[in-house]
């Protein structure tokens, strides 16, 4: 979009003109309320940093809705002390029902024109809200603006990585699309962490909210449903706009295995989305092929890494998989492990 076109787009939304685009943008932007939705469960120790991070945002016209999902730590007392002198914060306590329920409740309470999701232990760059609000105002066709994310270990905030495994792997897709192309991208993989996007509240009409009752990947399904219903996604390539994701020490192998199982389960659900969509038969076939390829790749890796003696886990994998690819990879994995064992015995 050229400068004149951009100015006209902003005028169309703001309903007023200024001679200076920069000052006009600032005056237009500052009136837009952003609702920041923060679910928390036993993360009281991180909330002082998160609350301070929001107070330091260059964009100040926001409300933060903190929803305590039945914490058993000192979250309630900590939050009340932190927000006592700032009316922009709202604190709600609910019984433990999961992060999806908490986010959906936050959406019901939100009064802003834009929505920012934020996990209780994560952070936003100082300019993130400001730049993304400007992005959405100057691009009225865009429903969801999203930015880069940086991961950091809890005790090493100075070392940043583009991936959760802290290996330097750039996994995020930079998309600018809607419709079939956007669906293809989101079927291939989740394009962003929960705190990366800023979306228009009006876009929620294209979604049924976060799926409740699931433990993982509820954010991916939320973004995918929006794509199936015509939401326009656009990556904002500004190095000053990013989100910071805290990585906690845990059992890496267990976490990876559980995530892969959740991924397979979700891909079964994706097939239903594809089947029930108004897409053409040709597009459905192409998108389902992407989904099946990714699912089979996950299944193969999961089976190969599962010890033979772990019958319980193998049964769990079998229950969530299609029988033909399951037995195909199971037999191949048995042959693979036999050969590996045979080589080890020979080399002794």
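What follows is calculated from the coordinates using simple rules that are stated; it is not laboratory data. In this text, all values refer to a predicted model and were calculated from it rather than measured experimentally. Glycine also receives a Cβ, built like all others from the backbone with ideal geometry; neighbour counts cover every protein chain displayed.
Grab the beta carbon distance between residue 108 and residue 53, set R0 = 25 Å, and tell me the FRET efficiency rounded to 0.05.
Working: r = 25 Å, r/R0 = 0.99.
Calculated transfer efficiency: 0.50.
Mind checking the full-extension length gain between residue 177 and residue 293? Use 0.36 nm per residue of separation minus the Cα-Cα distance, one decimal, nm.
Taking 0.36 nm per residue and subtracting the Cα distance, the gain is 39.5 nm.
Take the Cα of residue 216, step 7 Å along the line toward its Cβ, and report every residue of the stretch 264-278 whose backbone nitrogen sits under 17 Å from that point.
264-270
Taking only Cα atoms, what is the 0 to 90° angle, nearest 10, from helix 3-14's long axis to the longest principal axis of the chain?
It is inclined by approximately 80 degrees.
Tell me, what is the percent relative contact order of the chain, built from C-alpha pairs under 8 Å that lie six or more residues apart?
Values: 529 pairs, mean separation 56.8, N = 348.
After rounding, I find 16 percent.
On each of the three principal axes of the Cα atoms of the stretch 58-120, give max minus min coordinate, whole Å, ordered largest first.
33, 26, 16
How compact and how long is the stretch 252-347, expressed as Rg and Dmax of its alpha-carbon atoms in Å?
Just the Cα atoms of the stretch 252-347 yield Rg and Dmax of 16.0, 58 Å.
Is the stretch 150-304 best put as rounded, prolate or oblate by its Cα gyration tensor, with a ≥ b ≥ c the root eigenvalues, rounded for a/c under 1.5, and otherwise prolate when a/b is larger than b/c, oblate when not? Kindly include the intermediate steps, with their values, before the conclusion.
Values: a/c = 1.86, a/b = 1.25, b/c = 1.48.
Oblate, because a/c is 1.5 or more while a/b does not exceed b/c.
Between residue 322 and residue 188, 0.36 nm times their residue separation minus their Cα-Cα distance comes to what? It would help to have the intermediate numbers written out before the result.
On the way: separation 134, 0.36 × 134 = 48.24 nm, distance 1.89 nm.
This chain segment gains 46.3 nm when fully extended.
Among the DSSP beta bridges whose two residues both lie in the chain, what percent are antiparallel, rounded to the nearest 5? It would help to have the intermediate numbers written out before the result.
Values: 11 of 37 bridges.
Taking every DSSP beta bridge within the chain, about 30 percent pair in antiparallel fashion.
Which residue fluctuates most in the GNM of the chain (Cα springs below 10 Å): 35, 205, 196?
Most flexible of the set in this elastic network: 205.
When the helix-only estimate is applied to the chain (DSSP H runs of n ≥ 4, each -39,500 (n - 2.57), divided by the residue count), what is the mean residue ellipticity at 222 nm, nearest 500 deg cm²/dmol? Numbers along the way, then the final one.
Working: 12 runs with 164 residues, N = 348.
The helix contribution divided over the chain gives -15000 deg cm²/dmol.
How long is the gain from residue 259 to residue 42 if the chain were fully straight, where each residue apart is worth 0.36 nm and the alpha carbon distance is subtracted? Working shown, then result.
On the way: separation 217, 0.36 × 217 = 78.12 nm, distance 2.16 nm.
Full-extension gain reported as 76.0 nm.
Under a 10 Å cutoff between Cα atoms, tell me which one of 328, 55, 184 has the largest fluctuation in the Gaussian network model of the chain.
328
Helix 281-304 versus the longest principal axis of the chain: what angle, 0 to 90°, nearest 10, using Cα atoms?
The angle comes out at about 60 degrees.
Checking the a/c ratio against 1.5 first, then a/b against b/c, what shape does the Cα gyration tensor give for the chain? Don't jump to the answer; show the numbers that get you there.
On the way: a/c = 2.11, a/b = 1.52, b/c = 1.38.
Prolate, since a/c reaches 1.5 and a/b exceeds b/c.
Let me see the pair-distance distribution of the stretch 19-163: every alpha carbon pair, 5 Å bin width, integer percents in order.
Pairs per bin, as whole percents: 2, 9, 18, 20, 20, 15, 10, 4, 2, 0, 0.
Pop the C-beta distance of residue 155 and residue 239 into the FRET formula with R0 = 22 Å and round what comes out to the nearest 0.05. Kindly include the intermediate steps, with their values, before the conclusion.
Details: r = 25 Å, r/R0 = 1.14.
Taking R0 as 22 Å, the efficiency between residue 155 and residue 239 is 0.30.
With a/c under 1.5 counting as rounded, go ahead and sort the stretch 26-81 into rounded, prolate or oblate using the C-alpha gyration tensor (a ≥ b ≥ c being the square roots of the eigenvalues; past the cut-off, prolate if a/b is larger than b/c, else oblate).
Values: a/c = 3.68, a/b = 2.33, b/c = 1.58.
In terms of gyration-tensor shape, prolate.
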